[in-house]
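Coordinate-derived values only; no laboratory data. Note that the structure is a prediction, hence the values are computed from the model and not measured. Backbone-built Cβ (ideal geometry, glycine too); neighbour counts: all protein chains shown.
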Amino acid sequence: MKKLSLIKVLFAALITVSFAACKNAGEDIKVVVDMNIMKYSALLHIADATGVAPQNITLAMGGAAGEDIYEISGKKVFTVKDGIITLGLNPKVTPTTDHEVTYNVIIASAGYKSMTVAMSFKKGELQQMVNVTLEKITPANASTPTTTPVVPVETAPVTTTPTVTTPVTTTPVTIAPVTTAPVTVTPVVTAPVTVTPIVTAPVTTTPVVTTPITTTPVVTTPVTTAPVVTAPATTTPVVTTPVATTPVVTIPVTTTPVVTTPVVTKPVTTTPVVTTPVTTTPVVTTPVVTTPVVTAPVEPTPVRVALDFTGYCTNKPNLKVRPSLYVFYRKKGAAAFQFLGFMKDGHLDANLALDVTYDFQITYAGQSYTISGRMADTSYSDSFNMGTALCSTF
């Protein structure tokens, strides 16, 4: 802790300057603290193979410059929060072209293999981010410690590539036309019906010959009347000759019976209509499989946004802190944070989308601070409560 006496001296000097700047000693004194005291820093992001940060991670510094490595708050207490911690180099130590500052970070967590990560600070490389993956203990590796040289990850500002939505191309389905065999219908041929005309023999009627009746005329003999003789008269009886009548002989009329030749009608032979059944090939329609068009939401084009964050203390209303820390971000509601960039003296330029709400996270002295805000413009300013415990160190 003695090596950081310079930090306290610088902080005291800053406050002294602030006091001296006041024209009236009775006015409220505003103290703004810039935390960029350790110029060289390194962020460690520790997780397992699934990306989950192990619990209760402990760190120890070793190697040539292990004594010159501190947590970014200037303490030798290395508390890892959500797998994140920022290490800083004692400002009294400066890397040179011929001399890198090398040190080891020994990482341990229950249920995981301990790991030693070889790290270094090179001249001019003020910030670096190192991803460390811990390996779970198995019977095969339980007794084998791991030493891993680490290549620092470049910490250039993250450029968010706009999401390009590739339109879904639906291949049209070609349905082959259904070919129906033409139906051949055999025409019905009906043989003509021959009807034999009915020949009726003429009826011969023998005329009735009637023999004329010969009537013999009645010859009446004149009656001779004798003179009346007084003598008793003798009366001659009148003899009437009977008329002989010839009987009428009627010759019966002989009627020749009419012989009617029966009409013989030939049966009409009807050729049955043979209808060839129409064979219809069933129309097999290949179902059109339409791939649903999944249109990804169109992401707004990122623009350069100026972020300015200030920490404040409720127990010290006149104190403002401008952090120099690594910032992570995510869209509101997303699960995981991503690295955004390094904020120096409370300022960071980053590529963000307008009209989108983001969560920003920084970690300092074992505590995480989250700031949420909607990017309505190309500049965004906000403040966060640093907490009484942290503020008491200032």
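Mind listing the Cα extents of the stretch 37-155 along all three principal axes, in Å, largest one first?
Extents along the principal axes, in whole Å: 44, 26, 25.
When the label point is put 7 Å from the Cα of SER368 along its Cα-to-beta-carbon vector, which residues of the stretch 45-66 have a backbone N closer than 20 Å?
45-59
So what J values fall out for the stretch 298-309 if you push phi through Karplus, 6.51 cos²θ - 1.76 cosθ + 1.60 with θ = phi - 60°, rounded to Hz, Gly and Pro as x?
With the stated coefficients, the stretch 298-309 comes to 6, 7, x, 5, x, 10, 6, 10, 8, 9, 9, 10 Hz.
Hey, which aspartates and glutamates would be in cross-link range of LYS39, C-alpha to C-alpha under 12 Å, not counting anything within fewer than 8 residues on its own chain?
Those aspartates and glutamates meeting the cut-off are GLU125, ASP345.
Can you figure out the FRET efficiency of THR133 with ILE29, using R₀ = 41 Å and their beta-carbon distance, to the nearest 0.05?
FRET efficiency, THR133 to ILE29: 0.30.
Sequence neighbours fewer than 8 away in the same chain don't count; with that in mind, list the aspartates and glutamates whose C-alpha is under 17 Å from LYS113.
Of all the aspartates and glutamates, those that pass the test against LYS113 - Cα under 17 Å, at least 8 places apart if same chain - are ASP48, GLU135.
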